[in-house]
Amino acid sequence: MRSARLTILPFTVQTPVQSLHDLQSVSHRVSRFREEVLLSGVQEDCMSKIVILGAGVAGHTAASFLRKWLNNSHDVTVVSPLPNYNWIPSNIWLGLGRMREEQVTFPLAPVYERAGIRFEQARAIAIYPEGSGDLSSPHVVVEKQGDSPLRFPVPYDFLINATGPRLNFDATEGLGPEKFTDSVCTVSHATAAAKHFLDLVERMRNGARCRFVVGAGHGMCTCQGAAFEYVVNLEFELKRHGVRDRAEVIFLTSEYELGDFGMGGAFVRRNGYITPTNIFTESVLAERNVWSITRAHVQKVENGLIHYENLAGEEHKMNFDMAMLLPPFTGVGLSAYKRTGEEITTQLFAANAFMKVDGNYTSKPFEEWKASDWPKTYQSPVYPNIFAAGIAFAPPHTISRPYKNPRGIPIYATAPRTGMPSATIGRVVARSIADKLEGKQGEPYGASMAELGAACVASAGSGWLRGTAASMTVFPIVPDYDRYPKYGRDLRYTTGEIGLAGHWIKMILHYMFLYKAQLRPGWRLIPE
Ligand SMILES: Cc1cc2nc3c(=O)[nH]c(=O)nc-3n(C[C@H](O)[C@H](O)[C@H](O)COP(=O)(O)OP(=O)(O)OC[C@H]3O[C@@H](n4cnc5c(N)ncnc54)[C@H](O)[C@@H]3O)c2cc1C
């Protein structure tokens, strides 16, 4: 795991790579350069290269802690295609015109430069965990966008895949901002959604009536918490703009019941009572006069028309003026190859393109899954120097009970992929790698989602005085019926509240997490 201090940058800017042949020739030149450096002894030291794919919650956290924990002889490189960090939870406010792009993003390059983290603005394409014929060390082939895209290898000793999700709009005909629906998953999506929303507000001011549909654009979506938050905010904004009486608001979800959130629902402690999240969520929507449709799979979307079917197999159509429908997620589609060139993508990745780690992926009936099947170390079982953090790792199974309708269409909420565990996993994986590089013996650290909690604050409004929030905490995220036989969770830490205080928390989290992500003084003291 040792290599010379080496930059492959001289190859990146000058060498357009269009084919595998070109790539091999670049790899060859890199390899020769690397060997020359090694042989000459120039700049040789005991450096290790840690490459992190992705600069989202998980990847950025991992890179920041690695840089803090490792001395500067080790090289920490982040490869990510976008120039900016995006605090995604606040896209909800961006997507309704309550925040501007610069309030939820910041440029990564200056932050990384200050921290001593190398930043390669590029997209990872393929992993060569054993090296290739031309470049003997393990490497990732990345692609830099431009008039003629450049492909080049980035060598690593340790690799963290934190590439998050691919937004799989193609799973549903007509879904997505390039077609007929809106999204708030990215900054550009949320910006377009806000424009659409404010245009409709203007039309309603002039007397129009509009229907807003918010929710899941496919039977196997996750992130219902985000859709729930958007619908509550949208309703709040309609009131604030004085047009609520002209709008119909509908929450459309693949969840079996409201409040499932992909974690099979939960029982929360609230004002001394134990309430199912179903009741909690239903009452939040009912109080706001938001209609809901559960157990739904969107078949296709046309201009202003959603076609969906439900678990009973009934087919329906619904008109809309604006539909913010989240897509299902898959992995980003990295491929992997052995040194011989043999493709090993299916050894490293599950069928949904998320990376297989140390979870139990054997197929078994839903009833037989256990909390202990969830991964702990996020280490690849095939290549121990590869980890997957955040959304990029493959969940071993669903937490909510999976259902199919009479036509065999699966309709249920898939496992939640929230920010708090993503950041914690990023930090824990960084700790495991740092320990290995410091020569410490022992197993990598663990952070199973069956031992981690999560907080979901669905906050409406964006000021300090006007707003309210439905706040929930669950512990653990994956219920553990061996430890907590009655409810699967510890009710001391599984709570639900509604009120202005939750809204303040959400606002504070927005500023605190952006402060932390910018690695400003004391950032380490702010928890994930
Ligand atoms: C609208 C919305 C609201 C949300 N609200 C909340 C909330 O309130 N609370 C909460 O806990 N969670 C929330 N979430 C979930 C939270 O955003 C995710 O859990 C979190 O972003 C996951 O972090 P990640 O690093 O795994 O993925 P991401 O944050 O998606 O980061 C992935 C990174 O990988 C990069 N990347 C993609 N492809 C490649 C590639 N091929 N090569 C290299 N890099 C690549 C991306 O550009 C990005 O930098 C919300 C999600 C959405 C969509």
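The values are calculated or read from the model by the stated rules, or taken from the named source; none is laboratory data. Computed from a prediction, not measured in an experiment: that's the story for all the values here. So basically every Cβ, Gly included, is an ideal-geometry build from the backbone, and we count neighbours across all protein chains shown.
Filter the range 403-447 down to residues that are within 16 Å of the ligand (Cβ to nearest atom) and more than 30 Å from G313 (Cα to Cα), then give me how many there are.
Our first condition is that a residue be within 16 Å of the ligand (Cβ to nearest atom); within the range 403-447, this holds for 413-430, 447.
Then keep just the ones that are more than 30 Å from G313 (Cα to Cα); that gives 418-430, 447.
Residues that pass the stated criteria total 14.
Tell me, yes or no, whether the range 109-126 has at least one residue that is free of Cβ contacts under 8 Å to residues at least 12 places away in the same chain and among the acidic types (D, E).
Filtering the range 109-126 for residues free of Cβ contacts under 8 Å to residues at least 12 places away in the same chain gives 110, 113.
If we keep only those that are among the acidic types (D, E) as well, we get 113.
Looking through the range 109-126, at least one residue is free of Cβ contacts under 8 Å to residues at least 12 places away in the same chain and among the acidic types (D, E).
Test of understanding: among P138, P149, P153, P89, which residue is modelled with pLDDT under 95 and within 27 Å of Y378 (Cβ to Cβ)? Reasoning before the result, please.
Values: P138 fails: modelled with pLDDT under 95; P149 fails: within 27 Å of Y378 (Cβ to Cβ); P153 fails: modelled with pLDDT under 95.
Every option except P89 fails the conditions.
One residue alone among E202, E229, E257, E248 is of a type in the set (D, E, K, R) and free of Cβ contacts under 8 Å to residues at least 12 places away in the same chain, and that residue is E202. Among the residues making up the range 76-110, those that are of a type outside the set (S, T, N, Q), buried (at least 21 other Cβ atoms within 10 Å of the Cβ) and farther than 27 Å from V231 by Cβ are V76, V78, V79, L108. Mind listing just one residue for me: the one in the range 126-149 that is within 10 Å of the ligand (Cβ to nearest atom) and under 28 Å from T424 (Cβ atoms) and, of those, surrounded by the fewest Cβ atoms within 10 Å (Cβ to Cβ)? Once the filter is applied, the top-ranked residue is V142.
Scanning the range 57-92 for residues that are within 6 Å of the ligand (Cβ to nearest atom) and under 21 Å from A192 (Cα atoms) yields P81, L82, I88, P89, N91, I92. In the range 147-169, the residues that are more than 13 Å from A124 (Cβ to Cβ) form Cβ pairs under 7 Å with partners that are of a type in the set (A, V, I, L, M) and assigned to a helix (DSSP H, G or I), at six or more places apart or across chains, as follows: F158/I433; P165/I391. The combined condition, being part of a helix (DSSP H, G or I), crowded, with 21+ Cβ neighbours inside 10 Å and away from the ligand (no atom under 13 Å from the Cβ), is not fulfilled by F152. The requirement of being hydrophobic (A, V, I, L, M, F, W, C), more than 24 Å from G262 (Cα to Cα), over 24 Å from the mean Cα position of the chain (by Cα) and outside any loop (DSSP other than H, G, I, E, B) is not satisfied by A430. The residues of the range 376-410 that are under 21 Å from the mean Cα position of the chain (by Cα) and of a type in the set (A, V, I, L, M, F, W, C), listed by number, are I386, F387, A388, A389, I391, A392, F393, A394, I399. Only one of R203, R240, R211 is at pLDDT 95 or above, among the basic types (K, R) and out of contact with any Asp or Glu (no Cβ under 7 Å at 6 or more places or on another chain). Can you tell me which? Within the list R203, R240, R211, the selection yields R203. Scanning the range 56-111 for residues that are closer than 30 Å to G146 by Cβ and in a loop (DSSP other than H, G, I, E, B) yields G56, H74, P81, L82, P83, W87, G95, R100.
Take the residues in the range 372-402 that are among the aliphatic types (A, V, I, L, M) and under 30 Å from A312 (Cα atoms); name whichever of them is nearest to the ligand (Cβ to nearest atom).
A394
Restricting attention to the range 458-496, which residues are assigned to a strand (DSSP E or B) and at pLDDT 80 or above? Outline the logic, then answer.
So in the range 458-496, the residues assigned to a strand (DSSP E or B) come out as 458-460, 468-474, 495-496.
Within the range 458-496, S471, M472, T473, V474, T495, G496 qualify.
Does the range 165-185 contain any residue that is in contact with a helix residue (DSSP H, G or I) (Cβ under 7 Å, 6 or more places away or on another chain), within 30 Å of S73 (Cα to Cα) and assigned to a loop (DSSP other than H, G, I, E, B)? Checked the range 165-185: no residue is in contact with a helix residue (DSSP H, G or I) (Cβ under 7 Å, 6 or more places away or on another chain), within 30 Å of S73 (Cα to Cα) and assigned to a loop (DSSP other than H, G, I, E, B).
Taking the range 266-287 as the range and being in contact (Cβ under 8 Å) with a residue 60 or more places away in the chain and among the small types (G, A, S) as the test, only A266 passes. For the range 93-122, filtered to residues that are among the small types (G, A, S) and away from the ligand (no atom under 14 Å from the Cβ), the residue that is nearest to D199 (Cα to Cα) is G97.
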